[in-house]
Amino acid sequence: AGGSAKQARDRSFQAILPLRGKILNVERGLNRALSSEEIQAMITAMGTNIGEEFDIEAARYHKLIIMTDADVDGAHIRCLILTFFYRFMPEMIERGYVYIAQPPLYKVSMGKKSEYAYSDRQLQQVLARIAEGTKYNIQRYKGLGEMNPEQLWETTMDPARRTLLQVTIDDALAAEKSFSELMGDQVEPRKEFIQRHARDVRFLDI
């Protein structure tokens, strides 16, 4: 959706960094991750450098918005990007610079009128408002690329209408444990994490 996002953006204050494919798991291999073109592009774009040379005052942007698809693949990529920030630029999170975009899951069309739903619950609320006998169509978005630039701007990029989630680290120890369990080399901790939270699953894409 990099092309659509570039067309949709307001050039006066928005810049787009397309990440092609899945970025490397930065939890597993530092040297390999840092040699990745996608990781290098992110470091260059931020302007802060990493490690001992990290300088938060050199940050080029104070609002970094992660935009990924609403499916499982998108969640995976989002987790990898968050791992990158958590490991190499945690102060960006602590300063409140990192956000997650909330693209819609559904579009409900009723003639010339349409409404967007950002969750299954919201979809049911939209459907409940439709008068009995009214014809409607439901489109489920699995990827940002399914939206044209106008829709992407209207739902996900327009500051006046978009919904953003600010990424925070309230409990650094708990956050580190979760990242390590999910993104580390050890299979057993990841298995235990999945079993522990299996009943909490609200969205499963198979």
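Of note:
- Residue, surrounded by the most Cβ atoms within 10 Å (Cβ to Cβ), within region 135-146, restricted to residues that are at pLDDT 90 or above and not in a strand (DSSP E or B): Tyr136
- Counted residues, region 112-166 - those being basic (Lys, Arg) and under 30 Å from Tyr86 (Cα atoms): 3
- Within region 51-97, the residues that satisfy the criterion of being among the basic types (Lys, Arg) and touching a helix residue (DSSP H, G or I) at 6+ places or on another chain (Cβ under 7 Å) are Arg60, Arg95.
- Of the numbered criteria (1) modelled with pLDDT under 90; (2) farther than 30 Å from Pro90 by Cα, the one Phe179 fails is (2).
- Residue in region 56-70 that is farther than 30 Å from Asp120 by Cβ, at pLDDT 90 or above, buried (at least 18 other Cβ atoms within 10 Å of the Cβ) and within 16 Å of the chain's Cα centre (by Cα) present: no
- Residue match in region 103-117 (condition: in a loop (DSSP other than H, G, I, E, B), surrounded by fewer than 17 Cβ atoms within 10 Å (Cβ to Cβ) and touching a residue at least 60 places away in the same chain (Cβ under 8 Å)): no
- One residue from Ser35, Ser4 being more than 28 Å from Pro149 (Cβ to Cβ) and modelled with pLDDT under 85: Ser35
- Yes/no for Tyr61 being closer than 28 Å to Gly3 by Cα and outside any loop (DSSP other than H, G, I, E, B): no
The values are calculated or read from the model by the stated rules, or taken from the named source; none is laboratory data. Given the structure is predicted, the values throughout are model-derived calculations rather than measurements. For neighbour counting, all protein chains shown are included, and Cβ atoms are generated from backbone atoms with ideal geometry for every residue, glycine included.
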